[in-house]
2 protein chains.
Amino acid sequence: MNSSAEKLASLRTALLQKGINLYIIPSSDPHLGEYIPDHWQIINWLTGFTGSAATVIITDTFAGLWTDSRYFIQAEKQLFGSGFEFVKPGLFQRYDFMDFISENVETGGKTGLDGRIFSTDNFRRLQKRLEGKMVSIDTHCDLITSIWTGRPPLPFSLAFDHPVEFSGKERSVKISEVREQMGKQNADYHLLTSIDDIMWLLNIRGNDLKYSPLLLSFALVGAEQILLFIDEAKIPIKLASAFDKIGITILPYDEISEIVSSVTEGHSVLFNPQVTSVELFNSVSKNSRTIEDISIPARLKSIKNKTEIGNIANVMIKDGVALTKFFHWFSSNHGRESMTENSLSDKLIEFRSQQKDFLGSSFATITAFNENSALPHYIPEEGSGVVIGERGMLLVDSGGQYMGGTTDITRTIPVGIPSTQQKMDFTLILKGHINLAMAKFPNGTRGYQLDFIARRAMWGSGMNYAHGTGHGVGYCLNVHEGPQSISPADNKTVIEAGMLTSNEPAIYREGEYGIRIENLILCYEDEETEFGQFMRFDTVSLCYIEKSLIDKSSLDQKEIEWLNKYHSEVYDKISPHLTGEEKIWLKEKTEPL
Amino acid sequence: MNSSAEKLASLRTALLQKGINLYIIPSSDPHLGEYIPDHWQIINWLTGFTGSAATVIITDTFAGLWTDSRYFIQAEKQLFGSGFEFVKPGLFQRYDFMDFISENVETGGKTGLDGRIFSTDNFRRLQKRLEGKMVSIDTHCDLITSIWTGRPPLPFSLAFDHPVEFSGKERSVKISEVREQMGKQNADYHLLTSIDDIMWLLNIRGNDLKYSPLLLSFALVGAEQILLFIDEAKIPIKLASAFDKIGITILPYDEISEIVSSVTEGHSVLFNPQVTSVELFNSVSKNSRTIEDISIPARLKSIKNKTEIGNIANVMIKDGVALTKFFHWFSSNHGRESMTENSLSDKLIEFRSQQKDFLGSSFATITAFNENSALPHYIPEEGSGVVIGERGMLLVDSGGQYMGGTTDITRTIPVGIPSTQQKMDFTLILKGHINLAMAKFPNGTRGYQLDFIARRAMWGSGMNYAHGTGHGVGYCLNVHEGPQSISPADNKTVIEAGMLTSNEPAIYREGEYGIRIENLILCYEDEETEFGQFMRFDTVSLCYIEKSLIDKSSLDQKEIEWLNKYHSEVYDKISPHLTGEEKIWLKEKTEPL
């Protein structure tokens, strides 16, 4: 069974047999995070769509896929001829899969989904939308396992220690802090389903996922004990013994529902319904009092500690050196040898690999030329990708996992001489980038209050980008990490000192080119006045910004000063690690505007 | 019984008799809006606090009042010696009365409140906070009526027509539009509890409240009929007959709960739980299916129609003429005759009264000198208020109700020579004001995305104000009107073309002075580009902004151009209605910077 059409036909047969009128497939796994192992890449296997977020709905007459604006163009391309329709919602007026379901379910019908990979939150939204419609929902409906031949197994990798020189805090201290917070929330138990939360808490890392150094696991934190649900073979003896000493008990990964249900009986359990599957929720909520909130590790780990902040500064130098060497190599060799999007990505990873404590890429490198750069999350097809021609825009969005932090940085450079429009676009984005980087704001400010400042110059010229301006960044964990964001969405999280967030305004001209400028910014405390404590950002990413794309006359004095100061810092920190030739090249790239 | 202490003692006796451990008094009436008649001014009567929003909690050992940041300084003053404690929460970390209740209720205890004036939403929040605490809530607990001697009766005034030349739409057309929307939401009935919604829908006005031309009423809109619950004597015969012809039936005001409960039985009812009392909710929800949402008139009336927009433009000229004459009079007579805050307020109302179709002030005029202007919603005590001295800052925030619209405008002027700090503060606020006025943004933008731009300059200097930047404004209705706002709060309402909103950044230096610059801004459609439809604001308020308070070197070229253009428009539109002397004076006030 190879084609999407054949798979769809098999699914429809299964639907008929089970009496299901409408089947929902989310792009998630039992941990409901962003990065999911091949074993759970159902939508990719089924439809050919490779984006990281989507929902598929199948009825006897309809098969469609919903995704977010990052993937609109890609979805249209990849679904062509698959038998699955791409359902494109409006930019702001959403028409999501819930709307479709609500409009298309039949009275008395049955909707099916696999409750192991469907979040409690989404399930409730679904229930609410179906209220009064006399529709039943079967949450034990796995129609995939029986028809997916050759399905990849769950990943296996060994755990390794993330020692205190990197983590900044012993695991026992972190555990105490979590228990203290649990006390404040009157929680006897805290259920952790997000695997980065668990890695952070236990100071371990692994290689179960391609881009995040994590191990598939669940954890239940109690007052005395922690139950860690994980394939036992993944924990080396030394680690297991260290765990044992502080009351961490290892239990089989797939017994989470059963064990949690009995252990928590009669107690209060704190969990986050956004990342807890409806199946797990059902087993927990049966006999215990539930407290719903974002997880405690999610809050604690978003505030980087002093050791982490120090390591991040070092990692940024390594990452900046790799990028600088890459762009120098590109500028020296473009035109002399054949280059494709994928060969460039490989080259960049090669430079990063030369850095100490580098663990791998933090996401699939985006090297996109011309019209491909207009796809915000473009990843070249397997093989070579497009050849880098003589003229155009080259966007490189990449990041690394290091023991001392996670990076995420985007630069857009011209190949040949840029057009006036390209320079105008680049300069407007740069203005937005700089103005967010320079922003000063009172303690208590939420990310959505800061988003405008990165868009203002663009909006003034009738331009915009359909994604957020900034996401939180993990520390040797996921490159996209909550709870904060800088975006138009109504995320109530306050931007606090110690939070690391991206700053990535952009523009996408469909069919022409895209431009994005991304650095990571770290929030810190600025002055305190009679009006309260004020905050600022420190830009921690270190790589020159292409001056040949800047229209200097469109920048004001403060913006020019920011750029010159940034470039001087980049040169000072990066140049000691370069060859003589590279140094001369970077000197010119970072000369004052 | 005169003192707050005596009233508190009586209340505590009543609590004891009823077995209530904790009694909650909200500052609301059965319509749960902002403006409430004297009959329902329980907190004012009880504590002496005159602010418009508060909650009082009484136990046998505690009596305290919560209010919002607008009234912090005022509450501290007015509650001094009253026996009621002012509970001041943090600016951003709230400690609200729910927190207090949640921490202080006793297991097995009984909390009491008057369900006629407690919103369904707040009641649910309360229930949620008390979950698992074994506390019962008595919602039929009116302890006030029996101890309030000489309580003012409910207000009485006659309804008058708000004809189509002002409303822009016949009432029958509005009713059809509301019914069309009800159809889309599958609502058989729509319960309206906000009296401005009802006035808008029926094109009537009245004088039940001091500052809003409204009549106490409820309405239930059905597919064929509208039940209007109102004191029948308030509706003149001609209007009653017009109502009768289009299926509007008048019923007694206080029979709402009973009649609605029986009429809606077995049907679906749309209502807004934020403005529906828990008592009314209980009677509606007993036998019908409920649909909860903001009311349809609330959404429709926020988008001003073409007739309304035309009338607003005319009203702004009248209002601007009154203000100009007032400030001219002040500048000519200050120093010659004695002036107090209250005599100035009276003078300003006198000038407004000379304008055609003026119905009254849209809120209590704030004329505040020096340290009083640091109280965002200061209203002088009965009597004269502070004498306007030789030097200082004078803040005047006032507005009018006209048949063709509602105004709200603030100007701050110097008395004598302003200090450098006053000029710096004023200029930073002006920058914020101008930058919001000039903002361009894509369709779909929410108010919270725009708030920063009004604060940016201030934040950069470590300054801030603890209230929102802009509120929606009614049309010959409430001066504060939803659903939109421009503020840090996560209000999801999109700023749409036709919405009228205030633009009022400010600064308050406690004990010194306050500065606020407020105009009303009307949203309209700007250009459409490949990135979508863009929007802008048109500043519609017309009154000069004091140039002697501006430090020109701190404004950039665009800001100066905006101000000069605004001043030229002010002169062109206002001067034809002035005397020769006033004209010369305004010419100078509006000369280019």
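The values are calculated or read from the model by the stated rules, or taken from the named source; none is laboratory data. Because the structure is predicted, anything quoted here is derived from the model rather than measured. Cβ coordinates were reconstructed from backbone atoms using ideal geometry, including for glycine residues, and neighbour counts include every protein chain displayed. Surface areas here come from the heavy atoms of the whole protein model, side chains and all, with no ligands, DNA or RNA. Shrake-Rupley method; radii C 1.70, N 1.55, O 1.52, S 1.80 Å.
A point 7 Å from Cα along Cα→Cβ stands in for residue B:244, and the other copies hold the same point at 9.3 nm, listed in rising order. A straight line joining the Cα centroids of the stretch B:471-505 and the stretch B:427-449 runs 13 Å.
Measuring from a point 7 Å past the Cα of residue B:286 along Cα-to-C-beta, which residues in the stretch B:126-164 have an amide N at less than 20 Å? Hits in the stretch B:126-164 for residue B:286 at 20 Å: B:137-142. Electrostatic tally near residue B:528: other residues with Cβ closer than 13 Å to its Cβ, Lys and Arg +1, Asp and Glu -1, net -2. Based on alpha carbons, the Rg and Dmax found for the stretch A:321-447 are 16.2, 53 Å. Say the cut-off is 28 Å between C-alpha atoms; which of A:169/A:238; B:210/B:573; A:234/A:301; A:301/A:547; A:174/A:573 go over it? B:210/B:573; A:301/A:547; A:174/A:573, as the Cα separations exceed 28 Å there.
If you look at the Cα atoms of the stretch A:278-322, you get an Rg and a Dmax of 18.9, 55 Å. Principal axis extents of the Cα atoms in the stretch B:415-528, from largest to smallest and rounded to whole angstrom, are 44, 31, 24. Under 20 Å from a label point set 7 Å out along the Cα-to-Cβ vector of residue B:172, the amide N atoms of the stretch B:184-227 belong to B:199-205, B:221-227. As I understand it, the value is the acute angle between the Cα axis of helix A:341-353 and the longest principal axis of the Cα atoms of chain A; what does it come to in degrees, rounded to 10? Rounded to the nearest ten degrees, it is 90.
Computed from backbone phi with θ = phi - 60° and the Karplus coefficients 6.51, -1.76 and 1.60, the 3J(HN,Hα) list for the stretch A:308-314 is 4, 4, x, 5, 4, 4, 5 Hz; x is used for glycine and proline.
Between copies, the label points at residue A:102 (set 7 angstrom from Cα along Cα-to-Cβ) are spaced 2.8 nm, reported in nanometres from shortest to longest. Rg/Rh for the stretch B:44-187 (Cα atoms only, Rh after Kirkwood) is 1.09. For chain B, the alpha-carbon radius of gyration amounts to 0.99 times the rule-of-thumb value 2.2 N^0.38 Å expected for a compact globular protein. When only alpha carbons are used to place a centre, the stretch A:260-313 and the stretch B:1-44 end up 42 Å from one another. Per residue, the convex hull around the alpha carbon atoms of the protein assembly as shown comes to 181 Å³. Over chain B, what is the mean sequence separation of C-alpha contacts under 8 Å (at least six apart), divided by residue count, expressed as relative contact order in percent? Here the relative contact order equals 11 percent. Amide H contacts under 5 Å for residue A:268: A:188, A:189, A:289, restricted to partners 5 or more places along the chain or on a different chain, H placed in the peptide plane at 1.01 Å from N. A simple spin-label model places the labels of residue B:180 and residue A:303 5.3 nm from each other, with each point 7 Å out along Cα-to-Cβ. Among B:388-401, B:248-261, sorting by the average number of other beta carbon atoms lying within 10 angstrom of each residue, highest first, gives B:388-401, B:248-261. A cut-off of 5 Å between modelled amide H atoms, ignoring neighbours fewer than 5 places along the same chain, links residue A:22 with A:110, A:112. For the chain pair A and B, the interface hides roughly 3000 square angstrom of accessible area in total, found with a 1.4 Å probe. Take every Cα pair under 8 Å whose residues are at least 6 apart in sequence, average their separation, divide by the length of the stretch B:106-242, and the relative contact order is 22 percent.
Taking a straight Cα-Cα cut-off under 15 Å and skipping sequence neighbours fewer than 8 places away in the same chain, the aspartates and glutamates within cross-link reach of residue B:88 are B:68, B:76, B:96, B:99. Remark on residue B:529: its backbone amide H falls under 5 Å from those of B:534, a criterion applied only to residues 5 or more positions apart or on other chains, H modelled at 1.01 Å from N. Taking 22 Å as the cut-off for C-alpha to C-alpha distance, list the pairs among A:423/B:552; A:325/A:589; B:565/B:589 that go past it. Beyond 22 Å: A:423/B:552. As a length-normalised measure over Cα pairs under 8 Å and 6 or more apart, the relative contact order of the stretch A:199-309 settles at 19 percent.
Put simply, the convex hull of the Cα atoms in the stretch B:178-249 casts, on average, a shadow of 4.7 nm².
Between residue A:38 and residue B:581, the C-beta separation translates, for a Förster distance of 60 Å, into a calculated FRET efficiency of about 0.10. Annotation for the stretch B:129-196 versus the stretch A:529-573: alpha-carbon center distance of 53 Å. The loop-placed GluC sites (Glu not before Pro) in the stretch B:24-114, going by DSSP, that have at most 15 neighbouring Cβ atoms within 10 Å of their Cβ come out as B:106. Here the stretch A:167-301 is treated as a Stokes sphere of Kirkwood radius computed over C-alpha pairs; at 10 °C and 1.306 mPa s its diffusion coefficient rounds to 107 µm²/s. In nanometers and ordered shortest first, the copy-to-copy spacing of the residue B:3 label point, defined 7 Å from Cα toward Cβ, is 9.2.
Inter-label distance, residue A:438 to residue B:16: 6.6 nm, where each label sits 7 Å from its Cα along the C-beta direction.
Using only alpha-carbon positions in the stretch A:382-467, the gyration tensor eigenvalues give semi-axes of 28, 22, 11 Å once each is multiplied by 5 and square-rooted (largest first). Considering the rotation that superimposes chain B on chain A, the residue of B whose beta-carbon lies nearest the axis, and that distance in Å, is B:490, 2.
Over the residues of chain A, the helix contribution to mean residue ellipticity at 222 nm works out to -10500 deg cm²/dmol, using -39500 (n - 2.57) for each DSSP H run of at least 4.
Using the Karplus relation 6.51 cos²θ - 1.76 cosθ + 1.60 with θ = phi - 60°, the per-residue 3J(HN,Hα) values for the stretch B:543-559 come to 7, 4, 10, 4, 6, 5, 9, 9, 8, 4, 5, 8, 9, 8, 4, 5, 5 Hz, with x marking Gly and Pro.
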